[in-house]
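The values are calculated or read from the model by the stated rules, or taken from the named source; none is laboratory data. Keep in mind that this is a model prediction, so the values were computed, not measured. Glycine gets a Cβ as well: all are built from the backbone with ideal geometry, and neighbour counts include every protein chain shown.
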Amino acid sequence: MFTELGHFALILAFLVSIVQATVPLIGAAKRWPGWMAIAEPAANAQFLLTSFAFAALTYAFVTSDFSVELVVLNSHSLKPMLYKVSGVWGNHEGSMLLWVLILTLFGACASWFGGNLPPTLRARVLAVQSAISVAFFAFILFTSNPFLRLIAPPLDGQDLNPLLQDPGLAFHPPFLYLGYVGLSMTFSFAVAALIEGRVDAAWGRWVRPWTLAAWLFLTIGIALGSWWAYYELGWGGFWFWDPVENASFMPWLISAALLHSAIVVEKREALKSWTILLAIMAFGFSLIGTFIVRSGVITSVHAFANDPERGVFILAILAVFMGGALTLYAARASVMEAKGVFSMVSRESALVINNVLLAVSCFVVFIGTIWPLVAELGMGRKLSVGAPFFNMAFTPFMVILALLLPLGSIMPWKRAQIARSFKPLVPALVLSLAIMGLAYAMQSGRSLFGPIGMFLGTWLVFGAGVDLWQRAGRKDKLARLRRLPRADWGKAVAHAGLGIVFLGISGLMAWEQEDIRVVQIGEEFEIAGFTLTLDQVQEVEGPNFISTKGWVTIRKGDRVISVVHPEKRIYPIAQMPTTEAGINNGFLRDVYVVLGDEQQGGGYAVRSYYKPLANWIWGGSILMSLGGLLSLTDRRHRVAAGARKVKPAGVPAE
């Protein structure tokens, strides 16, 4: 009965979304306050009804209700409770319900925190947001209903994909969806502003918190996915340029560009048309990512579905919303006239270069991702685009971005002098060059990738520190540092986090060591100065899997560093193996061990890696997320940002 109520709540939410998508728009056009006021209670009703539907599906998974087809296909009575809950979104239908839940949550947040918006703009934002909800409610109800029942329920389920039975993957999709769907708010603000014919500094301030929140959640989601791939897949890497990895990375790049571009709109009322276009394209890339994951056109270990009907539906959603928004963008070009002027050397110009680099790098990733599909459809050839292409085509743009970022951050608005702006950065440059020289001296016979990466990462970290120090003024610096706005601290922390990510990636890719061999029980072998001993291998039974588990002792000289436990697991219900790497984490390195199959002549295949600075990648990601959070909590984001004040009669305009 609870399942049927959840299904009914989903239908009701669909009907409410239709009302919210139409009535407030008419009210805003006619200036009818009553009709515009419908948007806020409708947004709340949508969220509550969708929450109830999601709670009903979660209840079915938690109680192992095998009369629900989705529970049968993605759960099992022996599964740990965490994976019963995460099984709700560990499939296509449930993940789309989570998508719509987050979509309605953002709509409700716009009604809760949008009191400072002009009534017409608020009504239009909520109506556009609800129009997106209409499309996805229809998608769920007509192609991906999670509440379908079985006439003859089985005694037990078929279990969740074993790769998804991991804490990292339990939290990775919700954060990614918060980022994906959060960009729908930037889209709604852009379309509402185009309808209203008003794109100004106030709009730039209003759209920034939503963009920042989406970017923050995307950063956390991507980092969790990267961390999971590192320790769970047993491939020893953190990023593989998989199509689904790219599907989340492209919106992240565009949202980062949008975040910086909106600052120029807010501060200088420039780049209006470019910022509106980025707001539209950011959500467009989210929809493209949804299409890639759920259409089956591109194969990936992460893909949810291979149903062409669903892919065509998502493609139709993409065409309608992107086509409509871009048509409106073209029709309203006259309202986006830039007011602020700036010289070629200024912070505005630096932010333009930042935007161009991020947008072009996103385009490169997009081309590399869809090119196999284009080649197959257009030329009848099966091609694969792998890491070498992405590394060669993408890396130069990131190198240029890292070189320019500290200087651009420290430049004044409107007009700057390069020599004067660069002067405070000279100590940071000297330190960065010293680190590069040290890295080059310590390595032998290797490429320059590592030293250059060390330079860029250090340059970003010290550059962020110099930026903060400069903002503190000349007197009483420590006291003024404490009083700086959180947005300034957030920017510095995020940029420093990016620098640490650069350090981690360059160190890992330049100086990683790998060893593959057959190891007998009790045998010792070495890698990068560490001595590893395979002490024993045993069969261990888990709650819903059988594991071949190894005990590997890691020593440095005569000192025991750690005992790690690499595993090969078999999930009998799903008949699928997984790998659990044994990792000894350190501040400057990881020792990474993967246990392979037992060999005919005795012993086990063992892969071991020495991974310098591996944890700096995720540490830097945490710092970037913390920087976003600090900026998001800035008091100025909670105020009626830049709202125009009505001047008393007789007071001349400035």
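Return yes or no: is residue 270 touching a Lys or Arg at 6+ places or on another chain (Cβ under 8 Å), assigned by TED's automatic domain parsing to the domain that holds residue 197 and of a type outside the set (Lys, Arg)? When the stated conditions are applied, residue 270 passes them. For segment 240-263: of the residues being aromatic (Phe, Trp, Tyr) and crowded, with 20+ Cβ neighbours inside 10 Å, which is nearest to residue 358 (Cα to Cα)? Checked segment 240-263; the qualifying residue nearest to residue 358 (Cα to Cα) is 252.
The listed residues are 194, 150, 176, and the only one of them that is of a type outside the set (D, E, K, R) and surrounded by fewer than 19 Cβ atoms within 10 Å (Cβ to Cβ) turns out to be 150. Checking the structure you have, find out if any residue of segment 367-380 is in contact (Cβ under 8 Å) with a residue 12 or more places away in the chain, of a type in the set (S, T, N, Q) and part of a helix (DSSP H, G or I). There is at least one residue in segment 367-380 that is in contact (Cβ under 8 Å) with a residue 12 or more places away in the chain, of a type in the set (S, T, N, Q) and part of a helix (DSSP H, G or I). A count restricted to segment 32-68 and to residues that are aromatic (Phe, Trp, Tyr), over 24 Å from residue 129 (Cβ atoms) and in contact with a Leu (Cβ under 9 Å, 6 or more places away or on another chain) stands at 2.
For every residue, the table says whether it meets (1) under 33 Å from the mean Cα position of the chain (by Cα); (2) hydroxyl-bearing (Ser, Thr, Tyr).
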residue	(1), (2)
409	yes, yes
416	no, no
420	no, no
424	no, no
429	yes, no
434	no, no
437	no, no
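For segment 61-83, the set of residues classified as buried (at least 22 other Cβ atoms within 10 Å of the Cβ) and in a helix (DSSP H, G or I) consists of 61, 70, 71, 74, 83, listed by residue number. Picking from residues in segment 314-351 that are among the charged types (D, E, K, R) and exposed (fewer than 12 other Cβ atoms within 10 Å of the Cβ), the one that is nearest to residue 290 (Cα to Cα) is 337.
In segment 228-247, the residues that are free of Cβ contacts under 8 Å to residues at least 40 places away in the same chain and not assigned by TED's automatic domain parsing to the domain that holds residue 289 form no Cβ pair under 9 Å with any partner that is of a type in the set (A, V, I, L, M, F, W, C) and crowded, with 20+ Cβ neighbours inside 10 Å, whether six or more places apart or across chains. Please tell me if residue 388 is modelled with pLDDT under 95, assigned by TED's automatic domain parsing to the domain that holds residue 249 and part of a helix (DSSP H, G or I). So residue 388 passes the test. If the condition is being surrounded by 17 or more Cβ atoms within 10 Å (Cβ to Cβ) and outside any helix (DSSP H, G or I), then segment 120-147 contributes 144, 146, 147. Within the option set 450, 473, 445, being at pLDDT below 90, at positive phi and touching a helix residue (DSSP H, G or I) at 6+ places or on another chain (Cβ under 6 Å) holds for one residue only, 473. Look at residue 435 and say whether it is among the β-branched types (Val, Ile, Thr) and in the same structural domain as residue 264 (by TED's automatic domain parsing). Against the criterion (among the β-branched types (Val, Ile, Thr) and in the same structural domain as residue 264 (by TED's automatic domain parsing)), residue 435 does not qualify.
Residues in segment 447-458: is at least one in contact (Cβ under 8 Å) with a residue 40 or more places away in the chain, surrounded by fewer than 20 Cβ atoms within 10 Å (Cβ to Cβ) and either among the β-branched types (Val, Ile, Thr) or assigned by TED's automatic domain parsing to the domain that holds residue 580 (or both)? Taking every residue of segment 447-458 in turn, at least one turns out to be in contact (Cβ under 8 Å) with a residue 40 or more places away in the chain, surrounded by fewer than 20 Cβ atoms within 10 Å (Cβ to Cβ) and either among the β-branched types (Val, Ile, Thr) or assigned by TED's automatic domain parsing to the domain that holds residue 580 (or both). Applying the set (1) over 19 Å from the mean Cα position of the chain (by Cα); (2) over 23 Å from residue 204 (Cα atoms); (3) free of Cβ contacts under 8 Å to residues at least 40 places away in the same chain to residue 364 leaves exactly one unmet item: (1). Take the conditions out of contact with any Cys (no Cβ under 7 Å at 6 or more places or on another chain) and in a loop (DSSP other than H, G, I, E, B) and apply them to residue 383. Does it pass? Taking the combined requirement at face value, the residue satisfies it. Can you find, within segment 21-38, the residue that is nearest to residue 148 (Cα to Cα) among those that are crowded, with 18+ Cβ neighbours inside 10 Å and touching a Gly at 6+ places or on another chain (Cβ under 8 Å)? It comes out as 38.
Quick one: would you say residue 534 is touching a Gly at 6+ places or on another chain (Cβ under 9 Å), surrounded by 17 or more Cβ atoms within 10 Å (Cβ to Cβ) and among the hydrophobic types (A, V, I, L, M, F, W, C)? It is true that residue 534 is touching a Gly at 6+ places or on another chain (Cβ under 9 Å), surrounded by 17 or more Cβ atoms within 10 Å (Cβ to Cβ) and among the hydrophobic types (A, V, I, L, M, F, W, C). Could we say that residue 208 is among the charged types (D, E, K, R) and either crowded, with 24+ Cβ neighbours inside 10 Å or in the same structural domain as residue 493 (by TED's automatic domain parsing) (or both) here? For residue 208, the condition - among the charged types (D, E, K, R) and either crowded, with 24+ Cβ neighbours inside 10 Å or in the same structural domain as residue 493 (by TED's automatic domain parsing) (or both) - is met.
The condition (being surrounded by fewer than 24 Cβ atoms within 10 Å (Cβ to Cβ) and assigned to a helix (DSSP H, G or I)) is satisfied by just one residue among 163, 183, 117: 163. State yes or no: is residue 255 small (Gly, Ala, Ser), within 14 Å of the chain's Cα centre (by Cα) and closer than 30 Å to residue 568 by Cα? Criteria not met by residue 255.
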